[in-house]
Amino acid sequence: MTLKIIHRPSPNFDERNAPVSLLVLHYTGMKTGAEAIARLCDAEAKVSAHYVVEENGDVYQLVDESKRAWHAGVSFWRGLRNVNANSIGIEIVNPGHEFGYRKFTDAQYKALIELCGGIKKRHNIADVNIVGHSDIAPERKADPGELFDWELLAKNNIGLSSSGYDPKIQGRTSQILDSRIKSKNDSSLVELGYEFHDEGAITAFQRHWRQDKVNGQWDDECGQILANLLETAGR
Ligand SMILES: [Zn+2]
């Protein structure tokens, strides 16, 4: 299947000054997709994204991938700051936490798997660099949020899976993971890519990789998941 792209050019972009190495997913956080697209194309708003994925699966392209779209704002991931220059941004239509956060649709996932798969391949983006807006701006942002099925994307080779490693089965690995958890409990979110290991980052981490308990509190399960991710990211 070839993804059908609807072109809706936004004036809100400029030239890149760095190569693409990140893919950032967002939700629109507005009442309707049409309203969100209008804003992302409004020169006064000074915001944009490369793509918008509607709830019916329609994909709009607003900015060419070779240009810098304005979607991330103040942000940090794995040493990169203010990542617009380094990233492709996709807005997924959803009212968000403010206007009635709801599940993303099957049509959206279907479109995203194809769209993200193509982007990852075209720009050779590492799975650890496929992140949510909240991962790169935890103090300001909660999107795409804890209802977004990152695991489904991971199953389709897009991003890291939180369940990639089962230390109970992997005997030798288990010891490595145990020691990692013990020794890196304070700094390990930084090792994954977050700027700090604080409550905001822990919350963002949970929204992405431990969605059934988002409380901003670090616990053993978080440590285990993080160890799994570091193990997978390192391969
Ligand atoms: Zn966002």
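Would you please state which residues of segment 126-157 a label at K110 would reach in this model, taking the label point 7 Å out along Cα→Cβ and a backbone N cut-off of under 18 Å?
149, 152-153, 156
Once you list every other residue whose beta carbon is under 10 Å from the beta carbon of A36, what net charge do they have if Lys and Arg are +1 and Asp and Glu are -1?
-1
What number of lysine-lysine pairs in segment 5-155 show an alpha-carbon separation below 29 angstrom, given a sequence spacing of 8 or more or placement on distinct chains?
27
Along each of the three principal axes of the Cα atoms of segment 1-104, give the extent in whole Å, ordering the values from largest to smallest.
Between the extreme Cα coordinates on each principal axis of segment 1-104 lie 34, 34, 29 Å.
Report the residues of segment 122-147 in range of a label on N82: point 7 Å along Cα→C-beta, backbone N strictly under 16 Å from it.
Flagged as within label range: 137.
For the chain, would you read off the P(r) tail past 27 Å as a percentage of all alpha carbon pairs?
Tail of P(r) above 27 Å: 31 percent of Cα pairs.
Taking amide H atoms as placed 1.01 Å from N in the peptide plane, list the residues 5 or more away in sequence, or in a different chain, whose amide H sits under 5 Å from that of S48.
Correct list: W70, H71.
Would you mind calculating the gained length between F99 and H7 on full extension (0.36 nm times residue separation, minus the Cα-Cα distance), in nm to one decimal?
Extra length available between F99 and H7 comes to 30.4 nm.
To make sure I understand, if each residue's beta carbon is the centre and we count other beta carbons within 10 Å, what order do F99, F13, F205 fall in, fewest to most?
So the residues, fewest neighbours to most, are F99, F13, F205.
List the trypsin sites (Lys or Arg not before Pro) in segment 1-79 that DSSP assigns to loop (not H, G, I, E or B) and whose Cβ has at most 10 other Cβ atoms within 10 Å. Which are they?
The qualifying sites are K4, K46.
Separation between the K67 and E15 pseudo-spin-labels, each 7 Å from Cα along Cα→Cβ, expressed in nm?
Once both label points are built, they end up 1.4 nm from each other.
Read-outs: derived from the displayed coordinates by stated rules, not from any lab. Note that this is a predicted model, so its numbers are computed, not measured. Here Cβ is always computed from backbone atoms with ideal geometry, including for glycine, and neighbour counts include all displayed protein chains.
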